[in-house]
Every structure is written in C-alpha cells, then in structure tokens.
Amino acid sequence: MNAPLTPPDAPVRGAPIRFFEKRRKVYPRKVSGPFRRLKWAILVVTLAIYYITPWLRWDRGPHAPDQAVLVDLAGRRFFMGPIEIWPQEFYYVAGLLVMAGIGLFLITSTVGRAWCGYACPQTVWTDLYMAVERAIEGDRNARMKLDRAPWTFSKIAKRGTVHFLWLVIALLTGGAWVFYFTDAPTLLARLLDGTAPAAAYAAIGILTFTTYTLAGLMREQVCTYMCPWPRIQSAMLDEDSFIVTYKAWRGEPRGSAKAKAADPAIGDCVDCRACVAVCPTGIDIRDGPQLECITCALCIDACNEVMGKLGRPADLIGYSTLRRDGKESRGEPLEPMWKTFVRPRTLLYFALWAGIGIAMLVVLAGRQSLGITVAQDRNPLMVTMADGSLRNGYTVKILNKAARPRDVVVTLEGLPEARLWESLGAGAPSTAFRATVRPDGVETYRIFVRVPAGRLAAEHTPFTFRVTSVEDPGGRPEVAEADARFTVVRR
Amino acid sequence: MSDRDPSVPPGGVETTGHEWDGIEEYNNPLPRWWLVILMATIVWGIAFSIAYPAWPGFNASNGGLLGWSSRGRLEAQMAAVEAARAEAWQRIAALPLAELPQNPELMRLAVAGGASAFKVHCVQCHGSGGAGGPGYPNLNDDDWLWGGDIESLYQTIAHGIRAPGYDETRISQMPAFGRDGLLDKAQVAQVVEHVRALSGQEHDARKAAAGAAIFAEQCASCHGPEGKGNRELGAPNLTDAIWLYGGDRASLFQTIWNARNGVMPGWSQRLDDVTIRKLAAYVHSLGGGA
C-alpha cells in the first residue's frame, strides 16, 4: 500500500461536511472461476434445504404430525425427525444456539468470514437477486449505462421485469417460511383458497418485504451498517486466520505489462481493476483487510483470470493469513497448511463445540417420554377427616411425551398405609390411581392422599409419587418419580 | 455544521475538522436512508402519541384520537371469554345436577368456574382454601351437617342456613339449654363429659354416665341415641373428630349453654343458577361425597 489512496469523492476544499451520504451503488461484474462455482453450489444446496425441508414427511403415528421439521407454536411442540422437544426442554435449542455461536468462532478463526461470504442468507439471496438482475439488464457496464439512461419504454420494461422477478422470489421466500410452522400441504391449500390464518399472510408479507428490501435494495449495506458480525470479526480474526488478501509485496508498484517489460521493479498488478469491478460490496481489496469485505473470494477468481492471461503466477489475490503473507513476502519457508488450521485457539473452539454437541446427544438419548410433577396444596395444608385420619392434597401433572395414549398407574412410595384418590373422580381411596394420559400431552389431576390417624409424628414426611406406564406385553414400563411431602399441622 | 478545511490523511478518510489536542475526528458519513428512517420514527412517534393516550393531564391523560383504553380492551376481552364459555355454561345449566360429577369434561369446567366464584363470594367466611375456621365449616373434610352430595350442596348454597328472607332456607334450632334454664351448670358439665366420651376423648366417666341420661332425654331426639347426628335436621355427628365450634370442654359447655345457630346467607337472590351450580361442583370437589 505504497500509493496514497484518495477516494474518488474526496471532498472539495471548503465544501460543507456531509455527515450523511447517498449510497454509492455497486455494479458487480460477472465472474467465473472455482470460487464462483463453489458459491453457486452452496447457493443451490442452501436454497434447496430451505425450500424442500417443510415438505419432507416423517411418520409418527396417528397422534402426531407427520411433518419432518415442524415448529408447532400453537401446540408448543418442536418436531425434527425422530426428535420432539417440549417448551420446558428449550435448553436443547439454547444448546444449538451456543453451538452455532461457537461454530462461528471456530469457522472465523480458521477460514475467516466464510459464513459471510458463502452461507449467510443475505449473501445467498443477494447473489440470486444479482443473477436475475444480470440476466435481464446485462452485466456491469450495461447496468451502469441503463442507470444513466432516460426512462424509455425499454428501461421501464427491463427494470419492471427485474423488480417483478425479485418480488416473486421474495414472495416464495416468505411463503416457504410459514410452512415450517404448520402442516405444509394443508397450509398451501388454505393459502391458495384464501382461508389461511391472518398470521400466515402477515408473515409472508413481512418476509416478502424484507427479502425484497434486503437482497434487492440494501445489499452490501446490510453487512456494512446493520449486521453486528463484521464488528465482532475484529475480535475473532488473528494473524493465523485465513482471509482474502492482496499480496502487495508482489503486486506493487502497479504497472502495465509494457511498463513491466521496461522496468523490472514493476509488480504483478496491472491495475486492471477487475477485482474492484466484481466486488459485491464495492471495495478495493488492494487497500488491505477491510470491514466491508465479506471474503466472498470473487476477486480471487477475477484476478486469477487476468494473471492466467498474462502468464503470471496465480493468487496475487488469494486466501492467506497475515502471518503466511508476511513470511511469503520475506521469502521465508511456509509452515504446512494444517499447522495454520490446528492451533490452540481453534482446538479450544472445536473442543467446546463438540463437547456441547456430545452432551446434548447424551441428554437426548436418555430423554424420558414419561414425566410427573407434583405441587402440594398450600391452603389448606392438611384436612382432618371425620374418622380422625389426615388428608393432604396435591396437584399432579403427568406428562406423556409419546405419540400414543398411555395408561399409567400412580403409586406412593414411603408412606405406608396411605391411600390416594382423585378429587373429581368417583374412585374410592386405594393404593394406586389409574389414569389414561392423552398422546403427546399433559394431564392434571388433583390427588388426595390420606393417612390414618396417629401414624405420622413428624411435621413433614417426605415421600415419592411414582408413575409407571402400563405397556403392552413385552414392552418395558417406563417409570418417573417426583418428590413430595406429607404435612401434619398441629394446632 | 461548520465549513472546514478538509485534510484528507493518507488513510483516505476525511475528518470533521474537529480537533482536540491534535486528535482529529474521522468523518464516516452515515447512509442517508438511515437519517430518513430516524426522521420517520420521530414522525411516527408524534402521530402515535396523538392517536393513543399519551399526554398527561391533571385528572387523566388525553384520550387519544382512537379512543383506545386498556380498560375498554379488558372489557372486550372479558366479553369475548364469556361468549366463548357461554355454550359450556348452558350445558351445565341443562344437565341434571346429580349427573354433573359423572361428566368429567363439564365437571372440570364447573369446578374451575366455581373456584373463581368462590374466591369472590365465599372466602370471607370459609377462607380462600375453603378450610373455614371456628364457627365456619371446613369444606375440605368429609363431615357434612346438611349433606355433602352435590344436590344438597346446591340447596345449601342457594337458600343458605337460617338465612332471613329465604323460604327454603335450612333451619334447625338447638335450644340454649343453660341460658333458657332447661339444665343447670352441673348438668351441662355432665353432658359435656358424655359428649367427649362419644367422640372418644379423655373424659370423667362418672359425670359422663350421668350426662348420658340427660343426653338421652334432651339431645337424642335430634343427635340420635348414639350421637351420630341427623342431616335432615342439620344435627352434627358428635362421635367424629370434627368440631365446628371446638371439642374442648369450654367450647362444648358454651355450645350447650348458649347454643350456636350460625347463619349462612342464601345466594339464589344474588347469583344466577349456573354460578350456584358451579359453586356446588367446586365445593363437591373439595371434600364432597354422599
């Protein structure tokens, strides 16, 4: 970076300062190369995942939805293949979010802003929108010319077509989103005949608007002004993180091929500005690492194409780390690539990331499909019955996380001679309370427990509610327990 | 915004021209749309404060052009809830009361509705958990003066006990044996010992034997020869562990000497039939039975 860099719009001496400015529109040029092909592949895969997932089916029997991935907000259930999560198990989602966060750290500290450059929805949809724009309006120069052109019929037709296609894509984006929250085929039919819930139309409307605005109109400004991630980058990147770099030591001073032939001191950069023309955020990578750079690597493809034509070595702009770039510039030997990836920092991130993942899998594997919670009545704590026996009341909730109705038996452990019965039921006091719990649901019972007179001396006697599922022959009954206590009030 | 002498440093970033002790301030202009959105939110905020109650006054805030109020919203929501439940209440009203406990779905609704009505109308005497207190029956136990089946409960709640102005109210009257001169102090004390014997409490056997004769003559007509009580008359069972006014000697003496005759208001003139049905269901769920 030897040449003094003055922005083309540097203020004129004496002009008033502008604290706000109009967006400088970016017209990225078409480019081809390995990174562009990789980005197309990622775009196809990620969009396919997004659009197809809600339509995948997963048979869970007659009592649960058959959609593979379903966020059932109304029923407060989250289904993902064989996994079903209840609201009180939200820690799984929290764990996934923590993993996503550490995953970002891990990715960033090794290969830089790969998320930003390849997989972020903002990047993917913007790429898609740019492809549409390029197909209708033409490449960089044609678009710049069209912008300057007067509003003729042809310009209106082109612009209209682009915005119409953008809106169609936006509508499909928002439309796909709502299918994650209810049965997709049913919702599609209802959306088309106009009977879907207002919330579905509102969600589609909002997402259509945001997709159209963010991918069509805002583009790189989302990354530069709205997204916090570029700011966090500066904390995540170090001199061993791979970033897209311009090898200034090799490229400078810039000069044409003719000039280089005359003066061997001239570097490899011919200042063709191909890297600037293809940049979707409109920066010049030769100014060094910048906040706006999403490391999409398209400038690598653009520069390599030029270097190839000139018969010069590739990767004048390429993936490198600050340390490797420094060594390379001094002609020192480079360490093997894997040493750059495997270092204490990345190992720590990976260990944390994998540890949380394994812990979640272990918890998930041991997840029970039967549960019980007990809350003791507080008013009255105790009731004396006519025969002198003592009664406590409990609100007992039995959770059946299986997708079938289940018969269960509730018994008491640690309270000999105690009898229990349900307050609303007609059942007489007995040693066990039988109930049928609806599939994938919770039943609440008010249970009375009675102990004969004079048996309990202590003010509080701990005991256990035990619920056991009644299974078909051959099935292993599931057991869940909840602690409770029997209170004796002495006046 | 001052005019400035722009010095564009080698980094290419212009400065605002502000300088403090040699430290200059970069100027990285914000996008113009950002400013436009800021202005738009200000306009929106002003419009919002005109449309909705926002500006304080001496007695109340200005109403807002749209006439919105949180109370009005509450009323609308309450009305919507009532409308949604109306069908269930109608079914409860139409069902013979004795069949209600056999209908789990309606019974649950009735108990939930009764619980909230109980909190408004009954807790003043019976306590928030229905546990009562001296003179106010505990509704959780299995001892019922006038019957604990749901129809008897309905009858008691609707017409009250010794409630003035209710023709069908439950009435019984224990004489004030001491005050009215039917028994003297020694005799009352003997009856007290007998009553304690009936319920298996510690007692003076000699006095109790004398009390038994008096009991047979004076009390058995209502409480029964064995002291088991009589629900037709609201006469309490004296052999069980439950005492409305206390089973100690002083309380028993007081009860026999002065009589008690507590009063519960009737509710059929204040509450609608469905609410009384719900209350009966709720009380039945606490400790009701036959």
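The table for this structure:
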quantity	calculated
Any hit, the stretch B:81-103, residues being farther than 18 Å from residue B:275 by Cα, at pLDDT 90 or above and away from every other protein chain (no Cβ under 14 Å)	no
Which numbered condition residue B:60 fails, given (1) in a loop (DSSP other than H, G, I, E, B); (2) surrounded by 13 or more Cβ atoms within 10 Å (Cβ to Cβ)	(2)
The stretch A:416-449 - residue that is of a type in the set (Val, Ile, Thr) and in contact (Cβ under 8 Å) with a residue 40 or more places away in the chain and, of those, nearest to the other protein chains (Cβ to nearest Cβ)	A:444
Condition check for residue B:176: out of contact with any His (no Cβ under 7 Å at 6 or more places or on another chain) and in a helix (DSSP H, G or I)	no
Pairs, first within 11 Å of chain A (Cβ to nearest Cβ) in the stretch B:27-42, second among the aliphatic types (A, V, I, L, M) and surrounded by 11 or more Cβ atoms within 10 Å (Cβ to Cβ), C-beta under 6 Å, six or more apart	B:27/A:17
Meets criteria (farther than 16 Å from residue A:34 by Cβ and modelled with pLDDT under 85) for residue A:259	yes
Within the stretch A:57-106, considering residues that are part of a loop (DSSP other than H, G, I, E, B) and in contact with a helix residue (DSSP H, G or I) (Cβ under 9 Å, 6 or more places away or on another chain), the one nearest to residue A:368 (Cα to Cα)	A:76
Residue in the stretch A:191-201 that is modelled with the highest pLDDT, counting only those that are open to solvent by 50 Å² or more (accessible area, probe 1.4 Å) and closer than 11 Å to residue A:178 by Cβ	A:201
Top-ranked residue in the stretch A:18-67 [being in the same structural domain as residue A:129 (by TED's automatic domain parsing) and among the acidic types (Asp, Glu); ranked as least open to solvent (accessible area, probe 1.4 Å)]	A:66
Odd one out for residue B:287 among (1) within 14 Å of chain A (Cβ to nearest Cβ); (2) surrounded by fewer than 18 Cβ atoms within 10 Å (Cβ to Cβ)	(2)
Filtered residues of the stretch B:111-131 (kept if open to solvent by less than 40 Å² (accessible area, probe 1.4 Å), farther than 16 Å from residue A:446 by Cβ and touching a residue at least 40 places away in the same chain (Cβ under 8 Å))	B:117, B:122
Complete set of residues in the stretch A:256-313 that are within 14 Å of another protein chain (Cβ to nearest Cβ) and either under 29 Å from the mean Cα position of the chain (by Cα) or open to solvent by 40 Å² or more (accessible area, probe 1.4 Å) (or both)	A:281, A:282, A:283, A:287, A:289, A:290, A:291, A:292
Hits in the stretch A:341-369 - residues which are open to solvent by 70 Å² or more (accessible area, probe 1.4 Å), without any contact (Cβ under 8 Å) to a residue 60 or more places away in the chain and either assigned to a loop (DSSP other than H, G, I, E, B) or of a type outside the set (A, V, I, L, M, F, W, C) (or both)	A:342, A:344
From A:462, A:380, residue being touching a Gly at 6+ places or on another chain (Cβ under 8 Å) and crowded, with 20+ Cβ neighbours inside 10 Å	A:380
Counted residues, the stretch A:452-476 - those being closer than 14 Å to residue A:411 by Cα and of a type outside the set (Ser, Thr, Tyr)	5
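The values are calculated or read from the model by the stated rules, or taken from the named source; none is laboratory data. Predicted, not measured: the structure shown is a model, and the values here were computed from it. Cβ sites come from the backbone with ideal geometry, for glycine too, and all protein chains shown count toward neighbours. Ligands, DNA and RNA are stripped out before the accessible areas are found, and what is left, the full protein with its side chains, is counted by its heavy atoms. Shrake-Rupley method; radii C 1.70, N 1.55, O 1.52, S 1.80 Å.
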